[in-house]
Structure formats: structure tokens, C-alpha cells
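A.B. asks: First the structure, which I've put down as C-alpha cells, then a few questions once you've had a look.
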Amino acid sequence: MTQRYRAAALGLAAAAVLTIAPVHAQNKVKVGFMLPYTGTYTALGNAIENGFKLYVQEQGGKLGGREVEYYKVDDESEPSKAVDNINKLIKRDNVDVVVGTVHSGVVMAMAKVAKDTNTLLVIPNAGARAVTGPMCAPNIFRASFSNWQPGYAMGKVAGEQGKKKVVTITWKYAAGDESVEGFKDGLKASGGDVVKELTLPFPNVEFQALLTEIAATKPDAVYAFFAGGGAVKFVKDYAAAGLSKTIPLYGPGFLTDGTLEAQGDSAQGLLTTLHYADGLPVAKDKTFRTAYQSAYKMAPDVYAVQGYDSAQLLAIGLNAVKGDVSKRNELVAAMEKAKIDSPRGTFTLSKSHEPVQDMYLRKVEGTQNKYVSVAVKNLADPSPGCKM
Ligand code: PHB
């Protein structure tokens, strides 16, 4: 072979190597966060993002062998802006996957767009039952909970503690309604009932008139769904009205997660149920908490765990296809079979793509939601209406 031919042959071989390397391996995987970065749920959005990024950092900044590039939209927990907001990520930024959101009303609008455009959606919080019920789809996964789950567990515990007549109070939207529905199912199964359901519009925090009504009704207990800034204000107002001395306050753990420093004395002793707690007997939780504390100089809460687990779930899918998101069926099949090694304890997904998981009873002590016991083991939302 002459010099010239050898050079040409080498050149061809080099070109062949370049073309063999798949295009997707050269590009970054685009992850779009649609989360609340303003409003009453701001802290929740930040914790989810922190948790997600911590897991990716632990994988050397990669998922499925590809580096990760982040895009962000503040959804303001505003359902009327949800379609425009998710389209910024899908159409403008061309993301491979949307991770969002916190608010159930927003997620329902997102799920519709995700379904219509076949965009992969991983939900790191919002518990709206519809998205894993009638709206369920192969491309929609939830790494968090259904609104019904913690509510059901709390109702069961309240009934077992002899509470027969309970008043509920919440924001009037899907999350509050479904949390109360779960609570009622659990309470009725253990001998009690809900005698009055009080609501106010999201994200209103003018609780005074409703607290007066609770005092007049004199129930055996109160069940409240609030979260973030609204939960801080509600728990403080409940104590300030003198109600905590006479009427025990219960809630899903959102009432006291990520809020205890701000709630201070007003939250001490509260019992709540959730799929996470401080002091869990879970080995993975110990390493997670150390890593989170060192990365962000604060203790993680349930939202941080859900962000971390959203990344773990996605990694299982992307690793199965070596980062090639065009192999959607294989990616989804791997996610469906996932066994997530979560700080909350290992969990799997139901047929409707949502965690089947233990619900813990917790008690507030200082700035911790201390693990008390397993309230319900392996709880699955019945997910009515999901056909896939
Ligand atoms: C919801 O809207 O689904 C939601 C919001 C905040 C929580 C839990 C559920 O802490």
C-alpha cells in the first residue's frame, strides 16, 4: 500500500469509528424540572431539585452513561399556566424527560400534555389519583405517593386511638379532597367517621373563622392537609387558638415535614403518617442523610427523598437502554420492574406506575418527625380506572 492509500484508509477507518458511536451517546440527556420556585410550595420544589441532583452527582454527573443537562420552569403551583409551562420544556427546550411537579392541579394538566406528546414524565411529589387512575399511561411514572395513601394510614391510626367524630380541614383542590377521602376510608375501617369537612381555597391561610367553627363543633380530633408555608401557618394558628390542648391534631406527614424549625413549640407531639420519617431503621437512609447534609448544609425531608428517588427511577430506565431514549419500550419496561433502594425503605411500583410502600406513624420531637411504627405495610392505592 502506498503512503497515500494508507492515509486514506486510516481516514476512512477514523470516520467509521465516529459514525459508529451513536448520536445519543455524544449528547447530554436533557432533564426538565417543572417545579414551584415561588409561592407556598417553594421549599418543596427546591428540596426535590436538590435530592434529584444529589443522586446524579453520586453517579458522576451521568444517567445511562450520558451527562445530564438541566432546564427549569417555575410552575408557581398555578394550574392555569401549566400547559404553557410544560410546553416550554417540551417544545422550546426539547427535553428528554420532564420531572414535575408538587401541586396536584398542575400535574393533571401536565399529564394530559405528556400523554398527548408521549413525553416521559416522572412525578416527584403531586399525589393526584387521576394520573395513576383514569389518566395513567406507559410514559407517566410517580416516585412519590398517592394523596390517598398517607390519609388512609392516618385514618386507620386515629380510629384505633378511639377517635369516633373527626373534623377535616384542607385547601379545596384535588390533594386536599383525596387526602380526606383516604383518611375517611381508614377511619371508617377502624370504627370512626368524619362529621364535618371544612375547606378554604388554595393557597389561602386565613384560618380564623374555620378554627372558631372547630372549637364550636368539639370533635374528638381534627385531620388537616396543608403543606409548605401554609402548613407552618396552620399549625401555629391551631396552637395559638388554644385548640391543641383539647382537640388532637392529625395529618399526613406533609403537615410537619420540612416545616418544624418554623413551627417550633406549636408542633411538638403531633402525630402524622407518611412514607418517610426521621430515625428510620433503613441503612440507605443513613448514607443518604449524611450525603445530603454535607451537600446542602441542611437535613433532608420527604421532598428531598422523592427527588432522589425520581432520579433513581429514571436511572434504572436509562441504564437499561444505555442512554438511548429512543428505545422507549425497553426503558419503560425497566422502570416498571424497578426495585428502588430508597431512603424511605425499598419500594416497587404498582401496575399503574406508583409506589407500593410502607406508611409510617411519626411523632414530632424537637425538629424531628421521629419514627414510631409502621402504620400500614406495603400500601397500594387501589388506583381505580387505570387501564394500560
Ligand atoms: C399535591 O398537591 O398533590 C401535594 C402538594 C404538597 C404536598 C403533598 C401533595 O406536600
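A.B. asks: Over the stretch 36-145, what relative contact order in percent results from Cα pairs under 8 Å that are six or more residues apart?
C.D. replies: Numbers: 155 pairs, mean separation 22.7, N = 110.
Across the stretch 36-145, relative contact order equals 21 percent.
A.B. asks: While we're here: Using Cα pairs under 8 angstrom and six or more residues apart, how large is the relative contact order of the chain, in percent?
C.D. replies: On the way: 844 pairs, mean separation 71.5, N = 388.
Reported as a whole number, the value is 18 percent.
A.B. asks: Related question: Starting with the highest mean, order 375-387, 50-62, 100-112 by the number of other Cβ atoms within 10 Å, averaged over the residues of each peptide.
C.D. replies: Values: 375-387: 16.3, 50-62: 18.3, 100-112: 26.2.
In decreasing order of mean packing, 375-387, 50-62, 100-112 become 100-112, 50-62, 375-387.
A.B. asks: On to the next question. Sort 142-148, 42-48 by packing, meaning the average of other beta carbons within 10 Å per residue, with the highest value first. Walk me through the intermediate numbers first.
C.D. replies: Values: 142-148: 27.1, 42-48: 25.0.
Packing proxy ranking, top to bottom: 142-148, 42-48.
A.B. asks: Find how much the distance from LYS28 to ASP84 grows on full extension, using 0.36 nm per residue of separation minus their present alpha carbon separation; answer in nm with one decimal.
C.D. replies: On the way: separation 56, 0.36 × 56 = 20.16 nm, distance 2.44 nm.
So the chain would gain 17.7 nm between LYS28 and ASP84.
A.B. asks: Something else now. Can you tell me how the stretch 154-255 classifies by the Cα gyration tensor, rounded, prolate or oblate, using a/c under 1.5 as the rounded cut?
C.D. replies: Numbers: a/c = 1.73, a/b = 1.26, b/c = 1.38.
It is oblate, given that a/c is not under 1.5 and a/b is not larger than b/c.
A.B. asks: Here is the link list: LYS30/LYS284; LYS184/LYS233; LYS72/LYS351; LYS30/LYS91; LYS156/LYS188; LYS91/LYS112. Which ones come out longer than 18 Å on Cα distance? Don't jump to the answer; show the numbers that get you there.
C.D. replies: Values: LYS30/LYS284 28 Å; LYS184/LYS233 24 Å; LYS72/LYS351 30 Å; LYS30/LYS91 13 Å; LYS156/LYS188 8 Å; LYS91/LYS112 15 Å.
Flagged as over cut-off: LYS30/LYS284; LYS184/LYS233; LYS72/LYS351.
A.B. asks: Give me the extension gain from GLN57 to VAL356: residue separation times 0.36 nm, minus the current Cα-Cα distance, reported in nm with one decimal.
C.D. replies: Values: separation 299, 0.36 × 299 = 107.64 nm, distance 2.68 nm.
Value of the extension gain: 105.0 nm.
A.B. asks: Quote the FRET efficiency, to the nearest 0.05, computed for LYS172 versus LYS284 with a Förster distance R0 of 45 Å and r equal to the Cβ-Cβ distance. It would help to have the intermediate numbers written out before the result.
C.D. replies: Numbers: r = 37 Å, r/R0 = 0.83.
So the FRET efficiency works out to roughly 0.75.
A.B. asks: Report the label-to-label distance for SER373 and GLN208 in nanometres (one decimal), using points 7 Å from each Cα along the Cα→Cβ vector.
C.D. replies: Between SER373 and GLN208, the label points sit 4.1 nm apart.
A.B. asks: Provide the per-residue ³J(HN,Hα) series for the stretch 364-370, in order, calculated from phi with Karplus coefficients 6.51, -1.76, 1.60 and θ = phi - 60°, each as a whole number of Hz, with x at glycine and proline positions.
C.D. replies: Per residue, the Karplus-derived 3J(HN,Hα) values read 6, 9, x, 9, 10, 9, 5 Hz.
A.B. asks: Here's something else I'd like to know. Got a number for carbon plus sulfur as a percent of the chain's accessible area, 1.4 Å probe?
C.D. replies: On the way: 8620 of 15810 Å².
Carbon and sulfur atoms account for 55 percent of the accessible area of the chain.
A.B. asks: Hey, can you grab everything whose amide H is under 5 Å from the amide H of LEU63? Only 5+ residues off in sequence or another chain; H modelled, so Pro and N-termini drop out.
C.D. replies: Placed amide hydrogens put VAL68 under 5 Å from LEU63.
A.B. asks: What is the spin-label model distance, in nm, from GLU365 to ALA216 if the labels are put 7 Å beyond Cα along the C-beta direction?
C.D. replies: Between GLU365 and ALA216, the label points sit 4.0 nm apart.
A.B. asks: So how tilted is helix 302-320 from the main axis of the chain? Cα-based, degrees 0 to 90, rounded to 10.
C.D. replies: Approximately 30 degrees, to the nearest ten.
A.B. asks: Would you mind putting 285-294, 301-310, 32-41 in packing order, based on average other-beta-carbon counts within 10 Å, highest first?
C.D. replies: Working: 285-294: 15.6, 301-310: 27.9, 32-41: 23.4.
Highest to lowest by the protection proxy: 301-310, 32-41, 285-294.
The values are calculated or read from the model by the stated rules, or taken from the named source; none is laboratory data. As the structure is a computational prediction, the values presented were derived from the model and not from experiment. Because the Cβ atoms are built from the backbone with ideal geometry, glycine has one as well, and the counts that use them run over all protein chains shown. Accessible surface is based on the protein model in full, side chains and every heavy atom, while ligands, DNA and RNA are left aside. Shrake-Rupley method; radii C 1.70, N 1.55, O 1.52, S 1.80 Å.
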